[in-house]
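Below: the structure, in C-alpha cells.
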Amino acid sequence: MYTMLVISIVTTAQEATYSPYSLHGIGLTKFRGTVGNLSMGGLSIVSDPVTPNILNAATYADLKTTNFSVGGSYSTATLKSSETESKGSATSFDYLTISIPANLFGFGFGLLPTTASGFRTEETVGDDTTTLLGSGGVNRAYFGAGVQVYKGFKLGAEVRYNFGRIENEVVSTAINTRVSSQSDISGVSYAFSAIYDTTFKKKYTLRYSLNYEFSTDIRSKNNQIISQVATTPDGLVVPVAAPERGSVADRKFSLPSIVTAGIAFSQKNKWLVASEINFGEVNDFQDRFITRDNVTYIDPFGIRFGGYFQPNYQSLNNYFERIIYRAGIRYDKTGLVFNNEEINEFGISFGLSLPLSQGYSTIDFGFEAGTRGTTNSEAIEENFLNFSLGLSLTDKWFNKRKYD
C-alpha cells in the first residue's frame, strides 16, 4: 500500500506542505531562500551591505549592518491525476536568521525548515478505503561566515545541523489495520562558497559565484506501530487491540552533493540581472524508511534567472522610488522519479521590498506561480501559488563613540 500515489481525495494540509510527493525521501524541499531570494527565482548570488544572502555564506563579507530576518508563506494548489482533481493548501514558517558584520568578515546563524512532509490521500476500491497521512519535516540550525580575502574576492563556509521527525500513517478499512511509521532524522552537513567581483566605470559590477554543498551522511532512526482498529459510526478510527511493534531497521544514507554556479551584472543600488545553474550527484540517497519499487532518484538539476530594480534608494520625496521590485523564473529537476516519470518544477516569481521609514529595514512580499509533476503514469500534477511575507530589520551595532 505504500507504493501508491493515485488519489481520489486530497484535503487541506495542516502541515508546511500539501504535496503527496512529500511522502518520498526526507520530504519535499521547503527552503529556497528568503522572500527576496524567492522573488528572484531563488538566486543565491545576490547580496548587499544590509541584507546577506543566507544561501551563500561568502555574502556575509559584504555586510555593513546587523540584520534580523524572519519569514513565512502560504501555498495553495490544484492537484490533478488522470481521473480526479482536488485542492490543497499549507501555511508555514520559513526562516529566522541573524547576520552580523565584523570589519572584513561577517557571520550569521539561524533556524529554518529544509524539507516538509504533509498530505492526506484516500483511495476507495469497492468497500475498501485506504487513507495515507504524512506530517513533519527536516529542520536546519546553521552557522556561517564569510571573509574578504582581497579586494573583490570573498570566501565563505557554513556548518549545518539537520534534524527533524517525519511521520506517516496508513489506515485500511478492508483489513481494519493502522500502520504508524516514524523517522527521526539527524546529521551534520557543510557548504563552501566563493565570490569574485570586478568593478568597471566605477558603478558597474560583474560578479561570479560558486557554492558547493557536500554530500554528507544522514541517519534515520525508524519505528513502526501496527494496530487493529475499527471505524465508529461518526467516522473515528479507534484501536480495538494492543498495538504491536513492526520490524523495521534504521537507515543511513547520504544527501546529494550540489554545485551552484552563477553570474550577475549590476549597477550599484540601482539594478541587477543574474543567472545560476545548479547540478548535483545523488550518491546513495534513498527513502528514509522503505524502498519503493516505483520510486527512484536521479541527479538533480536546476536553472534560474532573475533580478531587481530600485529607481532611487536615496529619494526623500517619492516613497515608490525606494521600493525594490524583483522578478525571476526557475526550472528544477527534483531528482525524484515516480513510475519512470521525472518529477520536475517550474515557477515564475515577483516581489516587492517596502522600506520602513528612512532606514534600510523592509517588509518583503513575494508571489510565485508554478507547476510540479505530471498526470502521466498515475502521477500527480500540482499547479501552485505561493505567497511569502518577510520582515528584514537592520541596525548598526558595536559603533565606536566619538564622544563620551
From the options GLY373, GLY351, residue that is more than 29 Å from GLY106 (Cα to Cα) and either in contact with a Pro (Cβ under 9 Å, 6 or more places away or on another chain) or not basic (Lys, Arg) (or both): GLY373
Only one residue in TYR360, TYR313 is touching a residue at least 60 places away in the same chain (Cβ under 8 Å), of a type in the set (Ser, Thr, Tyr) and not in a strand (DSSP E or B), so which one is that? TYR360
Can you find a residue that is surrounded by 17 or more Cβ atoms within 10 Å (Cβ to Cβ) and farther than 29 Å from ALA58 by Cα anywhere in region 273-287? yes
Residue pairs, Cβ under 8 Å, 6 or more apart or interchain, first in region 241-260 and of a type in the set (A, V, I, L, M), second part of a loop (DSSP other than H, G, I, E, B). List them. VAL248/PHE289; VAL248/ILE290; LEU255/SER215; LEU255/THR216; LEU255/ASN283; LEU255/PHE285; ILE258/PRO300
Over 30 Å from SER181 (Cβ atoms), among the polar types (S, T, N, Q) and modelled with pLDDT under 90: is that true of SER315 in this structure? yes
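Yes/no matrix, rows are residues, columns are (1) in a strand (DSSP E or B); (2) open to solvent by 40 Å² or more (accessible area, probe 1.4 Å); (3) within 14 Å of VAL35 (Cβ to Cβ):
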position: GLU345; (1), (2), (3): yes, no, no
position: ILE348; (1), (2), (3): yes, yes, no
position: GLY366; (1), (2), (3): yes, no, yes
position: SER377; (1), (2), (3): no, yes, no
Among the residues of region 136-187, what is the count of those that are among the aliphatic types (A, V, I, L, M) and part of a loop (DSSP other than H, G, I, E, B)? 2
State all residues of region 249-263 that are farther than 30 Å from ILE303 by Cβ and assigned to a loop (DSSP other than H, G, I, E, B); if no residue qualifies, say none. ALA249, ASP250
Would you mind finding the one in GLU345, GLU341 that is at pLDDT 95 or above and among the acidic types (Asp, Glu)? GLU345
Whether any residue in region 263-276 is of a type in the set (Val, Ile, Thr) and over 25 Å from SER193 (Cβ atoms) is what I want to check. no
Do the conditions hold for LEU352, that is, is it open to solvent by 50 Å² or more (accessible area, probe 1.4 Å), at pLDDT 90 or above and not basic (Lys, Arg)? yes
Going by what's in this entry, would LEU79 be described as within 27 Å of ASN376 (Cα to Cα), touching a helix residue (DSSP H, G or I) at 6+ places or on another chain (Cβ under 8 Å) and at pLDDT 90 or above? yes
Single unsatisfied condition, PHE93 versus (1) aromatic (Phe, Trp, Tyr); (2) at pLDDT below 95; (3) over 14 Å from the mean Cα position of the chain (by Cα): (3)
Among SER220, SER257, the single one that is modelled with pLDDT of 90 or more, closer than 20 Å to TYR142 by Cβ and either crowded, with 18+ Cβ neighbours inside 10 Å or within 20 Å of the chain's Cα centre (by Cα) (or both) is SER257
What number of residues within region 246-284 satisfy the criterion of being hydroxyl-bearing (Ser, Thr, Tyr) and over 30 Å from SER315 (Cα atoms)? 4
Under 7 Å between Cβ atoms, which residue pairs at least 6 apart in sequence (or on different chains) link something in region 264-285 that is farther than 29 Å from ILE298 by Cβ with a partner that is hydroxyl-bearing (Ser, Thr, Tyr) and open to solvent by 60 Å² or more (accessible area, probe 1.4 Å)? ASN269/TYR313
Checking GLY280 against (1) assigned to a loop (DSSP other than H, G, I, E, B); (2) touching an Asp or Glu at 6+ places or on another chain (Cβ under 7 Å); (3) of a type outside the set (D, E, K, R), the condition it does not meet: (1)
Where GLN182 falls short, out of the listed (1) over 18 Å from the mean Cα position of the chain (by Cα); (2) open to solvent by less than 20 Å² (accessible area, probe 1.4 Å); (3) more than 26 Å from SER275 (Cα to Cα): (2)
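The values are calculated or read from the model by the stated rules, or taken from the named source; none is laboratory data. Remember, predicted model here, so these are calculated numbers, not experimental data. Note that we place each Cβ from the backbone using ideal geometry, even for glycine, and neighbour counts take in every protein chain shown. Accessible surface areas use protein heavy atoms only, side chains included; no ligands, DNA or RNA. Shrake-Rupley method; radii C 1.70, N 1.55, O 1.52, S 1.80 Å.
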